[in-house]
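Before any comments, here is the structure.
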Amino acid sequence: MSNLFIVLYLFSMVSFLFYGLLCLLTNKLDEEFIRYGFSRFQKLIGILELLGAIGLALGYFIPVLLKASALSLSLLMFAAVLVRIKIKDPLILWGPAVILFLTNFYLFLYF
């Protein structure tokens, strides 16, 4: 594994662990999910993010799980970008979703 891969791998795992827990255990993202029109899916999205982070972690030992998790998280973030387009968010607010999409797509392609 290259240093770039390891950095992106850890970045993605920690990011999705953090945001997944934030979705599930706090109300800090409630307003954002209402703005997206996805408030009823907030817990599901948090669970998917946590499962993705866990899949990335276990993927160190079970490579097919890393690939599946990275692809799943890529698709989740691609959907997040589409939502940002739909609600006409300014480009600057797309940043995290785009970065996490590209990061996980890279992990999927190059592992």
Does L22 qualify as being within 17 Å of P96 (Cβ to Cβ), in contact (Cβ under 8 Å) with a residue 24 or more places away in the chain and within 17 Å of the chain's Cα centre (by Cα)?
-> yes
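Across region 14-33, what is the total count of residues that are loosely packed, with under 12 Cβ neighbours inside 10 Å and among the hydrophobic types (A, V, I, L, M, F, W, C)? Before you say what the answer is, go through the steps one by one.
Within region 14-33, the first condition is being loosely packed, with under 12 Cβ neighbours inside 10 Å, and the residues that meet it are 25-28, 31.
Next cut, among the hydrophobic types (A, V, I, L, M, F, W, C) only: 25.
Qualifying residue count, region 14-33: 1.
Return the only residue of F5, F111, F11 being in contact (Cβ under 8 Å) with a residue 40 or more places away in the chain, in contact with a Pro (Cβ under 8 Å, 6 or more places away or on another chain) and either of a type in the set (F, W, Y) or surrounded by fewer than 17 Cβ atoms within 10 Å (Cβ to Cβ) (or both).
Details: F5 fails: in contact with a Pro (Cβ under 8 Å, 6 or more places away or on another chain); F11 fails: in contact with a Pro (Cβ under 8 Å, 6 or more places away or on another chain).
Sole residue among the options that is in contact (Cβ under 8 Å) with a residue 40 or more places away in the chain, in contact with a Pro (Cβ under 8 Å, 6 or more places away or on another chain) and either of a type in the set (F, W, Y) or surrounded by fewer than 17 Cβ atoms within 10 Å (Cβ to Cβ) (or both): F111.
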Does any residue of region 46-68 turn out to be in contact with a Leu (Cβ under 8 Å, 6 or more places away or on another chain) and at pLDDT below 95?
-> yes
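Taking helices (runs of 4 or more DSSP H) that do not extend beyond region 22-86, which have at least 2 residues that are of a type in the set (S, T, Y) and touching a Gly at 6+ places or on another chain (Cβ under 7 Å)?
Numbers: elements: 30-36, 42-59, 63-86.
Because the criterion is at least 2 residues that are of a type in the set (S, T, Y) and touching a Gly at 6+ places or on another chain (Cβ under 7 Å), the helices (runs of 4 or more DSSP H) in region 22-86 that meet it are 63-86.
In region 61-78, what count of residues is obtained for those that are free of Cβ contacts under 8 Å to residues at least 12 places away in the same chain and not β-branched (V, I, T)? Quick ask: steps written out before the conclusion?
Narrowing region 61-78 to residues free of Cβ contacts under 8 Å to residues at least 12 places away in the same chain: 61-62, 64-65, 75.
Pick out the ones that are also not β-branched (V, I, T) and you get 61, 65, 75.
The number of residues fulfilling the criteria is 3.
Which is closer than 17 Å to Y106 by Cα and within 14 Å of the chain's Cα centre (by Cα), of A80, A70? Explain how you work it out, then say what you get.
Details: A80 fails: closer than 17 Å to Y106 by Cα.
Residue meeting the stated conditions: A70.
What residue, among those in region 28-56 that are more than 20 Å from L93 (Cβ to Cβ) and not aliphatic (A, V, I, L, M), is farthest from the chain's Cα centre (by Cα)? Step through it out loud before you land on a result.
Filtering region 28-56 for residues more than 20 Å from L93 (Cβ to Cβ) gives 40, 43-44, 47-48, 50-56.
Now drop any that are not not aliphatic (A, V, I, L, M), which leaves 40, 43, 52, 55.
Values: R40: 18, K43: 14, G52: 7, G55: 12 Å.
Among those that are more than 20 Å from L93 (Cβ to Cβ) and not aliphatic (A, V, I, L, M), it is R40.
The values are calculated or read from the model by the stated rules, or taken from the named source; none is laboratory data. Predicted model only: the values in this text are computed from it and were never measured. Backbone-built Cβ (ideal geometry, glycine too); neighbour counts: all protein chains shown.
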